[in-house]
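Following: one structure in structure tokens, then a few remarks.
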Amino acid sequence: MAKVILIALGGNAIKQSNEKGTSEEQFKNCGKTTKHISEIIRNLDQKDRLIITHGNGPQVGNLMVQQKLSTNSVPAHPMDVVGAMTQGQIGYMLQQTLINHLKKIGIEMPVCA
């Protein structure tokens, strides 16, 4: 029987409290996480499905600050739009780093965000 496995990541797993939140830092953190996830995938049955969810609290906060500081040049977006922007950002980072780790262990499979 096929299983559905759910992995829930908090936004703090992607941006550590002691970090500025640069793209480089967040890609590095996503890479550490997806390396472990790729090992889980290696041990799954082909019929099993894996779902990864993630938070985005720290990223929303950072982007809201950026929005506020740039309002003299560019109008700020509302929080729901900023939330969607960061969800896309994190999904992309997780997708790319997971694809890279899967390729390293010889697994080619679709990964969508």
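Taken together, the values in this text are just the output of simple stated rules run on the coordinates, not laboratory data. Source: prediction; values computed, not measured. As a convention, Cβ positions derive from the backbone with ideal geometry for all residues, glycine included, and neighbour counts pool all protein chains shown.
Observations, loosely collected:
- Helix 57-69 and the longest principal axis of the C-alpha atoms of the chain enclose an angle of approximately 30°.
- Greater than 31 Å apart at Cα, pairs in K20/K47; K68/K103; K3/K103; K20/K104: K20/K47; K68/K103
- Fewest-first ordering of M93, M109 by other beta carbons within 10 Å of each residue's beta carbon gives M109, M93.
- From the C-alpha gyration tensor of segment 4-104, square roots of 5λ in Å: 30, 14, 11
- Using the Cβ-Cβ distance between M109 and Q16 with R0 = 25 Å, the FRET efficiency computed as 1/(1 + (r/R0)^6) comes to roughly 0.30.
- Linear extension gain, M85 paired with T53, 0.36 nm per residue minus alpha-carbon span: 10.0 nm
- Helix 79-104 and the long axis of the chain differ in direction by around 30°, with both axes built from C-alpha atoms.
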